[in-house]
2 protein chains.
Amino acid sequence: MSIGNIMVGQSGGPTSVINASLAGVFKAARDLGAKHVYGMRNGVEGLLEGRCVDMLEHVKTDADIEILKRTPASYLGTCRFKLGDPAEKEADYAKIFAQLKKLDVKSYFYIGGNDSMDSINKMSGYAAANGVDMRFMGIPKTIDNDLVITDHTPGFGSASKYIASTFKELIRDAAAFNEKTVLVVEIMGRNAGWLTAASILAAGEDNEGPDMILLPETPLCEASFIKAVGEKLKEKNTLFIAVSEGVKCLDGEYLSSRGGASVTRDAFGHVALSGAGHNLKELIKRELGIKRIRSIEFSAIQRCAAHISSRTDVEEAFLAGQHGARCAADGMTSKMVVFKRLADEPYAMALDTAPVSEIANAEKVVPAEWIDAANYFVRKEFVTYALPLIQGELPPLMINGVPRHLVLKK
Amino acid sequence: MSIGNIMVGQSGGPTSVINASLAGVFKAARDLGAKHVYGMRNGVEGLLEGRCVDMLEHVKTDADIEILKRTPASYLGTCRFKLGDPAEKEADYAKIFAQLKKLDVKSYFYIGGNDSMDSINKMSGYAAANGVDMRFMGIPKTIDNDLVITDHTPGFGSASKYIASTFKELIRDAAAFNEKTVLVVEIMGRNAGWLTAASILAAGEDNEGPDMILLPETPLCEASFIKAVGEKLKEKNTLFIAVSEGVKCLDGEYLSSRGGASVTRDAFGHVALSGAGHNLKELIKRELGIKRIRSIEFSAIQRCAAHISSRTDVEEAFLAGQHGARCAADGMTSKMVVFKRLADEPYAMALDTAPVSEIANAEKVVPAEWIDAANYFVRKEFVTYALPLIQGELPPLMINGVPRHLVLKK
């Protein structure tokens, strides 16, 4: 079975390596003889509007592919659009499938997270119900690492490498002053603490790493936390805290929207969502009177800092894209590419697939047995798991002192 | 004249390359036969408290020196202590000089900015007035690039490379969505806009770069600015704004502490210094009703992101340290090492020295003729000046996926 013409899209929050997966799909499809490798601009949303390009007209050389692998964010553009239920949104599906038919698309790829797999699931269900001969494959992507079945997701390793490396540098910076110092760093992850936990990878022979790690998996008791901070500050002069943006307090409220004395309001009286890090800083300042305390957000930088990508992550993202294309060429459909870990050390990984229906809308959090909640920390099992994923570097092509990216003109 | 025993200290805000200058002083002093290379812990403040180490006991190999060059922040620790006037603080000077005499120090080095050069100036003045035979040399350091006489300062190039590279990645990230988007990035520089101007280095064949650059050199008229933003958003879907933390409004107030409708207050009614970026974001949101608008602070990361140092900057910082040591060995005193630019393209630079008295407490801002105030932008003369300084990379020694640093145990 030939791969035929293909359609590929990217969805959800960008990462440092989502383009490596795109490069993998593209290269495999090209090498398998696809006549057209269509890319949807801004995911399904763009496809609905008929906005597509033939990537073969834009990505012309193997050098282009290598630069694409090193380009952060979504080359094709992305969206947060969620495809509705086929029963309710029949017109959307009819429009999309008419377009796919017109372009003679035989294989359809969507690179994304939970929602994207839901989209693949619905599309393949619609195709089956309507007798359309087309393959649908999902390629995993999310810095959040929260997809089930797969050992991990492309994007997580590079974000973790950025977080660990930058945290390490910030600890050197903060420790340079001989003053009582608290540094709070806010890290992404609304419901799963994988990225925040990765801050522990800053620790080593030459660095103490974070002292406390607050994950969304463990509700925060503010009183106990303040007591623990106070005790640690009796023992040491510096305290480094990693906090997930998604931490909730005991009463279920997000720390980021915490009311009470620390809330900030604008002139109209609206509560400002100041962020978990900011609120934690204010809490410590208020309760313990620490003067030299700072909160830093890794913000969107942590998901697009391709200049310090993990080589393991980039290569795996690329392989996942290639594998997806080959599986589609073999006639497989309605599956997502997954990673199976064969060994931690030395690290060995195998590619496999799993039904998208089992992945769509499910969420994987950090296992409870890897969390040392009493000490606001994570256990060594997490380190064993995460360390292989940040290994190696794939430096960008540097031109004029800055990374070169492959960019699709609008 | 031999260099004798030396004393070296680091002062002020850390940078990615202040340790490269320390490595330069250390290596030259060692190679010139210094028996002891004393380092003051936490600058003059530590010296006053008698806290010194002999670096020869800690930095043992040339490999150590290479790792030190790649280690951000201050290996010896830093301080913000300002030496008082010798007439008023005689006891401090007596204490310091007694200690230097005890350790038989012949050459004294201080790596820092304006304040540090003031410190060198006072120390050498005291020595001359009291017949002490000792050389005093300043080594320039500041990401702010605001020292006079020297063409530029070590630290600026690496911070600029981080700012340009990360800004470029953030533009890719923000442009991935097909929505009207405004991104405000706050960059360091209280009185001088050198670093904020460096955001323009993100622009190139593959990137539009920032649309607007707000420097502290130009007072901000908020009404005109909002008008300009509104017009730009008619032409394009995305707007990227670089704003210095030190921008002042027409009435002289810092944008970061701007009152009025955008001010945030805590529950006690205290105005929160939310930062220039945050306030600019609030202003645009309020006046133009943009929904997808975000502000990001490069925070302390921009001064310690040694993982993306400029090789030009690291090597020049190292050379400056070595040159200072050699000049002291030749009997020179009361001088700071300066850079003289011989050519922009291809870049050529020479080392020289200038009297610290002419550098202490003076400040160099971005020249008015390099600023295009009417268009909230900088001119190509700035690019010609800054581009050579961010060239080349000096990747860290990566161990376990993160940069390795040389660290002095407390």
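The values are calculated or read from the model by the stated rules, or taken from the named source; none is laboratory data. It should be emphasised that the depicted structure is a prediction, and the values quoted were computed from it without experimental measurement. Glycine also receives a Cβ, built like all others from the backbone with ideal geometry; neighbour counts cover every protein chain displayed. Note: accessible area is taken over every heavy atom of the protein model, side chains too, but ligands, DNA and RNA are not part of it. Shrake-Rupley method; radii C 1.70, N 1.55, O 1.52, S 1.80 Å.
I want to confirm something. Restricting to region A:196-209 and keeping residues that are touching a residue at least 60 places away in the same chain (Cβ under 8 Å) and under 16 Å from the mean Cα position of the chain (by Cα), which single residue is nearest to the other protein chains (Cβ to nearest Cβ)? Only one residue tops the list, namely A:198.
If the condition is being free of Cβ contacts under 8 Å to residues at least 60 places away in the same chain and polar (S, T, N, Q), then region A:226-256 contributes A:237, A:244, A:256. Taking residues in region B:181-195 that are over 13 Å from residue B:296 (Cβ atoms), and partners anywhere that are assigned to a strand (DSSP E or B), the pairs with Cβ atoms closer than 6 Å and at least 6 places apart or on different chains are B:189/B:244; B:193/B:244; B:195/B:187.
Would you please name the residue that is nearest to residue A:231 (Cα to Cα), looking only at residues in region A:277-307 that are within 15 Å of the chain's Cα centre (by Cα) and within 8 Å of another protein chain (Cβ to nearest Cβ)? Steps first, please.
Pass one, region A:277-307, residues within 15 Å of the chain's Cα centre (by Cα): A:298-306.
Adding the requirement that they be within 8 Å of another protein chain (Cβ to nearest Cβ) leaves A:299-301, A:303-306.
On the way: A:299: 30, A:300: 33, A:301: 33, A:303: 34, A:304: 37, A:305: 36, A:306: 38 Å.
So the residue we want is A:299.
The residue that is nearest to residue A:171 (Cα to Cα), among those in region B:85-99 that are in a loop (DSSP other than H, G, I, E, B) and free of Cβ contacts under 8 Å to residues at least 12 places away in the same chain, is B:89.
Scan region A:359-382 for residues that are surrounded by fewer than 19 Cβ atoms within 10 Å (Cβ to Cβ), assigned to a loop (DSSP other than H, G, I, E, B) and more than 20 Å from the chain's Cα centre (by Cα) and the total you get is 1.
Out of the residues in region A:399-410 that are part of a strand (DSSP E or B) and of a type in the set (A, V, I, L, M, F, W, C), which is nearest to the other protein chains (Cβ to nearest Cβ)?
Restricting attention to region A:399-410, the residues satisfying the condition of being part of a strand (DSSP E or B) are A:399, A:402-403.
Next, only the ones that are of a type in the set (A, V, I, L, M, F, W, C) stay: A:399, A:402.
Working: A:399: 7, A:402: 5 Å.
Result: A:402.
Is one or more of the residues making up region A:258-277 open to solvent by 30 Å² or more (accessible area, probe 1.4 Å), modelled with pLDDT under 95, on the phi > 0 side of the Ramachandran plot and out of contact with any Leu (no Cβ under 6 Å at 6 or more places or on another chain)? Yes, region A:258-277 contains a residue that is open to solvent by 30 Å² or more (accessible area, probe 1.4 Å), modelled with pLDDT under 95, on the phi > 0 side of the Ramachandran plot and out of contact with any Leu (no Cβ under 6 Å at 6 or more places or on another chain). Quick check: anything in region B:383-398 within 14 Å of chain A (Cβ to nearest Cβ), open to solvent by 30 Å² or more (accessible area, probe 1.4 Å) and without any contact (Cβ under 8 Å) to a residue 60 or more places away in the chain? Taking every residue of region B:383-398 in turn, at least one turns out to be within 14 Å of chain A (Cβ to nearest Cβ), open to solvent by 30 Å² or more (accessible area, probe 1.4 Å) and without any contact (Cβ under 8 Å) to a residue 60 or more places away in the chain.
Could you check how many residues of region A:76-93 are more than 9 Å from chain B (Cβ to nearest Cβ) and of a type in the set (Lys, Arg)? Before you say what the answer is, go through the steps one by one.
Within region A:76-93, the first condition is being more than 9 Å from chain B (Cβ to nearest Cβ), and the residues that meet it are A:81-93.
Filter once more, so that each one left must be of a type in the set (Lys, Arg): A:82, A:89.
Result for region A:76-93: 2.
Among the candidates B:45, B:49, the residue that is within 12 Å of chain A (Cβ to nearest Cβ), of a type in the set (Asp, Glu) and within 25 Å of the chain's Cα centre (by Cα) is uniquely B:45.
Just the residues that are closer than 16 Å to residue A:319 by Cβ, touching a residue at least 24 places away in the same chain (Cβ under 8 Å) and open to solvent by 30 Å² or more (accessible area, probe 1.4 Å), please, taken from region A:335-352. I'd like the intermediate steps shown before the answer.
Step one: filter region A:335-352 for residues closer than 16 Å to residue A:319 by Cβ, giving A:335-342, A:347-352.
The next check asks that each one be touching a residue at least 24 places away in the same chain (Cβ under 8 Å); those that pass are A:335-341, A:347, A:349, A:351.
Within region A:335-352, A:335, A:340, A:341, A:347, A:349, A:351 meet the criteria.
Taking residue B:120 as the residue in question, decide whether it is in contact with a strand residue (DSSP E or B) (Cβ under 8 Å, 6 or more places away or on another chain), part of a helix (DSSP H, G or I) and over 30 Å from residue A:81 (Cβ atoms). Taking the combined requirement at face value, the residue satisfies it. Beta carbons closer than 6 Å, at least 6 apart along the sequence or on distinct chains, pair a first residue in region A:157-175 that is more than 7 Å from every other protein chain (Cβ to nearest Cβ) and farther than 23 Å from residue A:292 by Cβ with a second that is open to solvent by 10 Å² or more (accessible area, probe 1.4 Å) and basic (Lys, Arg) for A:159/A:303.
Residue A:220 fulfils the conditions (1) more than 14 Å from every other protein chain (Cβ to nearest Cβ); (2) open to solvent by 10 Å² or more (accessible area, probe 1.4 Å) except for a single criterion, (2). Tally up the residues in region B:72-97 that are modelled with pLDDT under 95 and among the aromatic types (Phe, Trp, Tyr), please. The number of residues fulfilling the criteria is 1. If residue B:97 passes every condition in (1) under 19 Å from residue B:132 (Cα atoms); (2) crowded, with 24+ Cβ neighbours inside 10 Å; (3) of a type outside the set (Ser, Thr, Tyr) but one, which one does it miss? Only one criterion in (1) under 19 Å from residue B:132 (Cα atoms); (2) crowded, with 24+ Cβ neighbours inside 10 Å; (3) of a type outside the set (Ser, Thr, Tyr) is unmet by residue B:97, namely (2). Just to verify a result, which residue in region A:107-158, among those that are open to solvent by less than 20 Å² (accessible area, probe 1.4 Å) and among the aromatic types (Phe, Trp, Tyr), is farthest from residue A:322 (Cα to Cα)? The selected residue is A:156.
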